[in-house]
Each structure stands twice: as structure tokens, then as C-alpha cells.
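Notes to accompany the following structure.
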Amino acid sequence: MTHKHWLATLALAALGNTASAQGSVEIFGIMDLHINKAKSGPTSLTRMEDGGSAASRIGFRGSEDLGGGMRARFLLEAGVTPDTGMGTVPGPSLAFTRQSYLGLSAPWGHIELGRMYTPMFGALFRADPMGMNSLFSPTNLGYAIDAQPGLRPFAPRANNMLRYRSPESQKLLLDFAYSFGEVASPNSNNGRIVGGTVGWKQQPFFVGYSFQNAVEGSAAAPVASPRTSRFQTLVASWESLPVLRISGSYSTSSVNQPGTRDAHMTQLGADWSMTPADKLLFSIARRKVDGSNRSQTAWSLGYDHYLSKRTTLYARWLQSSNAGGSSVGIANVPVVANSGDGVRSIAIGARHNF
């Protein structure tokens, strides 16, 4: 190699190192598969499924150092079912519909634009030992609209969202978001979502309040006089021991439609790290509609065994009941309408983070 070739090689290497120092892109994800035996009423089935511990996904994220403590960031995240290779949310095509946003981070916080989780989802997730991305989380009863005609289901994500989050290092947690409905007529409020969380995090405690106001309608199905569904929650957690965390939430849902009553959901849970490699999890939730005998109760027991920092074996046992002839399904187990049947699902699985 000539002297000039050596100089060219060194120059290219220097440029590569400079680019690497300023910005980076990485592939990340979760692969989660479990085998479960589920039953509701006379129907029983045995399946291999995604999401027993956390929903499977693949994504790309990157950042660039802009100087002065500021960074530009992006994230693209797609849901995937490892047992078939097809996409989710909604599927079966693979698309970046879990999250897709561009952001700017600075000492004063984070500004993000795109599709992402709503602030209230993040608040509930903090108080859920099972994680709301898990099929076996009793907190998923919060998506139910049984006995609440006109209620728009709770939105864990939203499109066209502008969001501000306070720095992670601060004890005061602020998280506010506005989702543009982008419907011109007959009512420009169609599809809008406004949400926020205010919390305080100081070990060993966390406490917070969160809300979400969601207007019905969309560009595909506009509504002249849209109703607004309102969700609120109080969440808290306490690390009572270095290895034991107790958490819970109290949530309400309502819609401005005459005759539709409010629903209330209470959730309590705990996770106990018995050893560095073994953890027990428990959660129970109950949803009740005012002035109705229809209600739901679900509880879940879990065990995690960590083979490494990235790979976990787990077991889950979920039971739910429907009172008053209600028919709310959970863990992807269908329930016959107005049957009052419950759900039982027992599973063993594995999760790998990369």
C-alpha cells in the first residue's frame, strides 16, 4: 500500500469515528413466546402466542449529539408475532405502528412528535407488576367498555401527537400530550386526544395523577357532534423492602352521553425478588359500572426466572370472572356475549430482549 493510500485509509477511519461519536443507530426488540391453555365457558384451547411477559417487537432507534446537552432522537417500533412472523397493531402486515416518533432532548426535558404511548398508559404501566404490554395483566380490564355505550376505548397510543416529558433525573414527573385529530369537517374536534400526568418520584415512593380526554370520530368516519370520553387515574408504588414493591391504581372512565354511567377500576399488585434470579408477581383488578350489576374481576400470578440479563423463563396463571351477564374477554380469550362466563389461562414461556 502506498503512502497516499495509507493517508486515505486513516482519513476515512477518522471520519467514521467522528460520525460514530456524534450519532448512533441501533436495532432493539423483544421476542416473547408462550404456550397457554385457556378456557372460557365450554370452550377451551391450547395455543402458542406472543406477549405472555411483554409484547414482541422489533425497532430502530438513534440519536445525535447536538452539543450543549441537546440530542436529536428518533424511534421506529413494529409489533411482531414470533410464532408466525406476521405483524401486530393491527397486523398482519409489519408496520411501525407501535411507536414512530422524532424527538429533541435537552436539560429542560424531551419534546417528541409522532405516534407514541399516551401519558396515562405510562402512568398505569408504572403501577402494574405484570406490565400493561402483557396479555396476563389484570389492568387490561381498563380497556373494557361493557355497560358504557358511547365510550371510546382507552387509547394506549395516539397518532399525530405532540408530547413534552420532564427529565428522568427530576423528582417531579411531568408528561403532557396533544394528539391532532386532523379532521376538517363536520367538526374539527374529531379524533383529538389530550392527556397528561403529574407525579412525584422519590425512592422508595412514586405517586401520580393522570388523565386522558378522547374525542370520537376520525377522517374515515367523522361525527358531527362527537362525544368525549374521559379517563382518570391515581397511581402509586412503594418499595417497602429492597426486594418487595407494592403498587396500585384507581381509575375512572366516563363519556358525556346522557344515560351512560361511570365505571371504576381498582388494581393492586406486588412483585417480590426472592433471589437475584427469581421473582414472584401478583396483581388483581376489579371493574364496576355505577348503577349496574355488570362487573369484572381478574387476578394474575406470575413467576420469572432470569437465565441472564436478557433472557427470562416465566409462568403465568390468570383468572377472570364476569358478573351480571357481562362478557369481557382478557388475554386474547373470547367470551360469548352476555354469557357471564369467565376466563382461565395458564402459560409457560420465554422472553428475550435484544
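FYI, it's all coordinate maths here, none of it is from the lab. Only a predicted model underlies this, so the values are computations on that prediction, with no experimental measurement involved. Every residue, glycine as well, gets a Cβ built from its backbone with ideal geometry; the counts of neighbours run over all protein chains shown.
Give the lysines whose C-alpha is closer than 20 Å to that of Lys279, dropping any in the same chain fewer than 8 places away, or say none.
In chain and number order, the partners are Lys309.
When the Debye formula is applied to the Cα atoms of segment 85-179, each taken as the same point scatterer, what base-10 log of I(q)/I(0) results at q = 0.15 Å⁻¹?
-0.74
To the nearest 20 debye, what charge dipole does the chain have about its Cα centre, counting +1 at the Cβ of each Lys and Arg and -1 at the Cβ of each Asp and Glu?
180 debye
Please give me the summed charge of the neighbours of Arg227: other residues whose Cβ is under 15 Å from its Cβ, Lys and Arg +1, Asp and Glu -1.
Once all neighbours under 15 Å are counted, the net charge is +2.
Provide Phe211, Phe121 in ascending order of the number of other Cβ atoms located within 10 Å of each residue's Cβ, fewest first.
Least to most surrounded, the residues fall as Phe211, Phe121.
Exposure proxy check: Ser327, Ser44, Ser300 ranked by fewest other beta carbons within 10 Å? Walk me through the intermediate numbers first.
Numbers: Ser327 20, Ser44 11, Ser300 27.
Result, fewest neighbours first: Ser44, Ser327, Ser300.
List the lysines whose Cα sits under 28 Å from the Cα of Lys288, skipping any in the same chain fewer than 8 residues away.
Lys37, Lys39
Highest GNM mean-square fluctuation, the chain, Cα pairs closer than 10 Å: which of Val333, Val25, Val215?
Val25
For Arg192, enumerate residues with amide H under 5 Å from its amide H, sequence gap 5+ or separate chain, H modeled in the peptide plane.
For Arg192, the qualifying residues are Gly181, Val215.
Please compute the length gained on full extension between Met86 and Arg61, using 0.36 nm multiplied by the number of residues separating them and subtracting their Cα-Cα distance.
Net length gain for the segment: 6.9 nm.
Arrange the following residues from fewest to most other Cβ atoms within 10 Å of their Cβ: Thr275, Thr118, Thr312.
Thr275, Thr312, Thr118
Taking the Cα-to-Cβ direction at Lys37 and at Ile348 and moving 7 Å from each Cα, how far apart do the two end points lie in nm?
So the two model labels end up 1.1 nm from each other.
Count charges around Leu174 for me, please; just the other residues with Cβ under 12 Å from its Cβ, Lys/Arg as +1, Asp/Glu as -1.
On the way: positive: Arg163, Arg165, Lys171, Lys201; negative: Glu168, Asp175.
My count for the surroundings of Leu174 gives +2.
So, R0 is 30 Å and r is the distance between the beta-carbons of Leu307 and Glu26; what FRET efficiency does that work out to, to 0.05?
Values: r = 23 Å, r/R0 = 0.76.
Once the sixth-power term is evaluated, E becomes 0.85.
Short version: ³J(HN,Hα) in whole Hz for each residue of segment 236-247, in order, from phi by Karplus 6.51 cos²θ - 1.76 cosθ + 1.60 (θ = phi - 60°), x for Gly and Pro, what are they?
Once θ is set to phi - 60°, the couplings for segment 236-247 become 7, 8, 9, 7, 5, 9, x, 10, 10, 10, 10, 9 Hz.
Take Arg71 and Asn338, extend 7 Å from each Cα along the Cα→Cβ direction, and tell me the distance between the two endpoints in nm.
5.5 nm
Let me check against my output: what whole-number percent is the relative contact order of the chain, with C-alpha pairs under 8 Å and at least 6 apart? All intermediate terms of the calculation are to be shown ahead of the outcome.
Numbers: 974 pairs, mean separation 52.4, N = 354.
The value is 15 percent.
So what's the chain giving for Cα Rg divided by 2.2 N^0.38 Å, two decimals?
1.10
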